[in-house]
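This report concerns only the one structure given below.
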Amino acid sequence: MKVAVVGAGPAGVRAVEQLVAAGLTPLWLDEAPDGGGRIYQRPPAQLSRDARRLYGFEAKRATALHATLDALKAHADWRPNTLVWHIDPHRRRLEVLSAGTQATLDFDAALLCTGAMDRVVPVPGWTRPGVTTLGAAQIALKTQGCAIGDKVVLLGTGPLLWLLAYQYLKAGARPAAVLDTTAFAHKARHAPGLLAGGAVFWKGLYYMAAVRAAGVPVYEGVRPRAITGAGDQVSGLAFETARGAARTLACDAVALGWGLKPEAQLADLAGVPFRFDADQHNWLPERDIAGRTPVPGIYLAGDGAGIGGADVAERAGARAALALLEDTGRPVPQDTVAALDAALARLAGFRTALERTFPFPADLARAVPDATLVCRCEAITAGDLRAAGGTPATGTARELNRAKAFTRLGMGRCQGRVCGPAGAEILAAALNREVAAIGRLRGQPPVKPVPLAEAAE
Amino acid sequence: MRLKRLRDAGRAPIALTLDGAPVSAQDGDTLLTALLAGGAGHLSPNLFAQEPRAGFCHMGACQDCWVAVDGLGRVRACATPAADGMVVRRL
């Protein structure tokens, strides 16, 4: 049996570990050169790889995952630097691109561990050089030893906002300010639900306390107004405080992000149905707790199957591999299955509490000014989208893919990864509909740009 | 924008060009780091919006950091290791 595992982050590594233990030699594909996913991405060998400094409290976990990853490479058909750009669930084929060479690879079952990326809300000026996602600012620090500027403002909400502030502080790049769109009172109200997270909760509190103790200006319950600047230089961030006062902070870089969204394009192409999850405020591919989807032979794990974080991803990867093995008639250790199911159920409760503590600011997305770009690839503004969508009475484009056809929003190089969530909110508001009724941008092959000659083969 | 280097300063220097101008960088840099820590300010402009861009996600997803490299064609600067002697152009 040929099992394909896409992704070598926490979920992919633990999935391959189970498959190899069962005597299989999985086909293992990852777009990055060295695996690890985003959270445990290692710097190139020329840079220091001191785990304590790179991963902080997660150093032991990161080191353990890297050791397993490196040991497994020889036991799998390991293909780094390989983009999977299409999946055909009926013929059970992957289309892949590696070092400029196109290949078609067959599989009997596929386990997709495709990860996540930042979810963003457009702010006037957000396409200027000097503005990145929170994830980008973290990758620059972790894998390149760089801050994204000299005076960096961190804006958004969620655990990553505070973790990144702490990491910048520790690295000697004291943030100019941290702006959380979630009010302190809201977070405090939801804190009791987070107690189930145990150490994760306490670490989060520690990061917040450390940032404040270091004297980093912290503003909570803010509304960002504009990132100012000229040419390729950011000069400041204008915002409204929780009390409605207009403020401006001088800075030369802004990192922003409001939680994560699954990179679920391959699951989409594989025919997995999606549902709108109100707590995550994301469209998620349908799967059971073990990672089985309604599509035979297709399994999902990790953040690509719904945001859960690295600890969940490791367990979900192992669990999905065991489900795959069980479904193909192989014996699996039932005590391991039971332990994983219990842990995943417990962690799912914590994740729900976390999402409620740091909610996606749909109101901010709905209020993006007409002149602001929403789709950075095709340069489509919020006004373009509103005009195409029509009014609640006319409802010209009552669904996001229809609006895409009218405006080209989401049709560019990134395939709507960046503009999709905000675009849906803007259209929903224009039509006075629930965002879940607006739909989601459907995945299209290739999921990332490939040279025309390769795609034509 | 300018990326600020915080550590690993002792790496071997490498030299690239961007649109013919020299850029000094360090072995182990991605092309994005090499250019944006080296003073390029921005990468290729967005042709629809007519404005400079410099990458947004640094994880190979947003496609906002494309540049052309002799011998490699169009690449994502964030996902391409910088190498000594690279000849880079903005698109």
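Just so you know, all these numbers are worked out from the coordinates, no wet-lab data involved. Since this is a predicted model, take the numbers as computed values, not measurements. Cβ placement follows ideal geometry from the backbone for every residue including glycine, while neighbour counts extend to all protein chains displayed.
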Original post:
Taking the alpha-carbon centroid of each part, what is the distance from segment B:14-91 to segment A:139-164 in angstrom?
Top reply: 20
Original post:
Which angle between 0 and 90 degrees, to the nearest 10, do you get for helix A:420-431 versus the longest principal axis of chain A when only C-alpha atoms count?
Top reply: 50
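Can you put A:157, B:80 in order of Cβ neighbours within 10 angstrom, beginning with the fewest?
On the way: A:157 27, B:80 19.
Fewest-to-most ranking of A:157, B:80: B:80, A:157.
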Original post:
Mind ordering A:80-93, A:309-322, A:46-59 by average Cβ neighbours within 10 Å, highest first?
Top reply: A:309-322, A:80-93, A:46-59
Subject >> Average beta carbon contacts from partner chains per residue of B:3-13, 10 Å cutoff >> reply: 6
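Can you compute the charge dipole magnitude of segment A:242-290 about its Cα centre, using +1 on each Lys and Arg Cβ and -1 on each Asp and Glu Cβ, nothing else charged? Give it in debye, rounded to the nearest 20.
Numbers: 5 positive and 7 negative charges, 69 e Å.
Computed about the Cα centre, the dipole is about 340 debye.
Where both residues lie in the protein assembly as shown, what percent of DSSP beta bridges are antiparallel, nearest 5?
On the way: 50 of 81 bridges.
About 60 percent, rounded to the nearest 5.
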**OP:** At a Cα cut-off below 29 Å, give the lysines reachable from residue A:142, other chains included and same-chain residues fewer than 8 away excluded.
**Re:** A:60, A:73, A:151, A:170, A:187, A:203, A:261, A:448, B:4
Subject >> Cβ neighbours within 10 Å from other chains - mean over A:38-47 >> reply: 3
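Please list, by residue number, every one of the GluC sites (Glu not before Pro) in segment A:421-454 that is coil in DSSP and has at most 10 other beta-carbon atoms within 10 Å. Before the final figure, lay out each step's value.
Working: sites: A:425, A:434, A:454; in loops: A:434.
Filter output for segment A:421-454: A:434.
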Original post:
If you count, for every residue in B:41-47, the Cβ atoms of partner chains within 10 Å of its Cβ, what is the mean?
Top reply: 3
Original post:
In what sequence, highest mean first, do A:3-15, A:128-140 appear when ranked by Cβ atoms within 10 angstrom?
Top reply: A:3-15, A:128-140
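Using Cβ counts within 10 Å as a stand-in for footprinting exposure, how do B:58, A:186 rank, fewest first?
Working: B:58 28, A:186 18.
Ascending number of Cβ neighbours within 10 Å: A:186, B:58.
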Original post:
For the protein assembly as shown, what class follows from the C-alpha gyration tensor (a ≥ b ≥ c being the square roots of its eigenvalues): rounded when a/c is under 1.5, otherwise prolate if a/b is larger than b/c, else oblate?
Top reply: rounded
Original post:
On a 0 to 90 degree scale, rounded to 10, what angle separates helix A:310-327 from the longest Cα axis of chain A?
Top reply: 30
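Please grab the % of Cα pairs in segment A:307-457 that end up more than 27 Å from each other.
Numbers: 5303 of 11325 pairs.
Value for segment A:307-457: 47 percent of Cα pairs lie more than 27 Å apart.
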**OP:** Name the residue, out of B:78, B:65, B:57, whose mean-square fluctuation peaks in a Gaussian network model built on chain B with Cα pairs under 10 Å.
**Re:** B:57
Original post:
Hey, if you drop one equal point scatterer on each alpha-carbon of segment A:120-258 and run the Debye formula without solvent, what base-10 log of I(q)/I(0) do you get at q = 0.09, 0.10, 0.22 Å⁻¹?
Top reply: -0.25, -0.31, -1.42
Subject >> Part-to-part distance (alpha-carbon centres) for segment A:404-419 and segment A:1-63, which is given in Å >> reply: 31
**OP:** State the cysteines of chain B left without a partner when partners are defined as other cysteines whose beta carbon lies under 4.7 Å away.
**Re:** B:65, B:78
**OP:** Using only Cα atoms, tell me the angle between helix A:10-21 and the longest principal axis of chain A; keep it within 0 to 90° and round to the nearest 10.
**Re:** 10
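Could you line up A:2, A:60, A:448 from fewest to most neighbouring Cβ atoms inside 10 Å?
Numbers: A:2 15, A:60 11, A:448 19.
So the residues, fewest neighbours to most, are A:60, A:2, A:448.
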**OP:** For residue A:372, list long-range residues whose amide hydrogen, built 1.01 Å from N in the peptide plane, is under 5 Å from its own amide hydrogen.
**Re:** A:382, A:383
